[in-house]
Structure formats: C-alpha cells, structure tokens
Amino acid sequence: MKKVIIRFVSVFAEKLGNERIVELDDNATLNDLIKLISRELEDVKTKGLIYVNYRFPEEGQLLNDGDVVLIMPLYAGG
C-alpha cells in the first residue's frame, strides 16, 4: 500500500476539505484516484484540473508513495 496526499483548492476544498491522505494499492494510477474521489464529487472528474507533484500528469500515470495530487476547479474569467 502507498499513501498519497490530495490537496483540494477553492470550491473543491469547501466541499471535500483542504487535504486528505489516502491509501492506495501499489499499482494504483491517477485514474484510480480520480474514480475514488469522484464518488463524493462528480465535478472532480469533469471540471477539475489535476497536477501530480505540481506537474501536469501523463495519461494513466502510476502514483508513488508520498505523491502530492493537487485538484482544483477550472477557472474562467474575462
């Protein structure tokens, strides 16, 4: 098992809290984590911008013990 830190920003933080630590299987990917979080808030999957260790992740990226996943809503403005 590995532990991953999830940090939420803005309205996601209001709904899910600022930070969580989750335990995942050793072969878990970012997609697995998003499925887990979207059970509580579907907008994470459809309206979220996600970084792993403050970098844009690759498709199907494998998560490592101690990774920090930042999840924030998409912003638009004028």
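Results, tabulated for the structure shown:
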| item | result |
| --- | --- |
| HN-Hα J in Hz across the range 63-68 - Karplus 6.51, -1.76, 1.60, θ = phi - 60°, x for Gly and Pro | 8, 10, 4, x, 4, 10 |
| Dipole magnitude (debye, nearest 20) for the range 2-73, charges at Cβ of Lys, Arg, Asp, Glu | 220 |
| Computed E for SER38/ASN64 - FRET, C-beta separation, R0 30 angstrom, nearest 0.05 | 0.90 |
| Value of [θ]222 nm, deg cm²/dmol, for the chain, DSSP H segments ≥ 4, -39500 (n - 2.57) each, nearest 500 | -6000 deg cm²/dmol |
| Solvent-free Debye scattering, log10 I(q)/I(0), computed from the Cα coordinates of the range 20-78 at q = 0.12, 0.16, 0.23 Å⁻¹ | -0.28, -0.49, -0.99 |
| Per DSSP, loop GluC sites (Glu not before Pro) in the range 15-78 with at most 14 further Cβ within 10 Å | GLU40, GLU42, GLU58, GLU59 |
| Contact order relative to length of the range 2-73, as percent, for alpha carbon pairs under 8 angstrom and 6 or more apart | 46 |
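Coordinate-derived values only; no laboratory data. Bear in mind the structure is a predicted one, so any value in this text is a computation, not a measurement. All Cβ positions, even for glycine, are placed from backbone atoms using ideal geometry, and neighbour counts span all protein chains on display.
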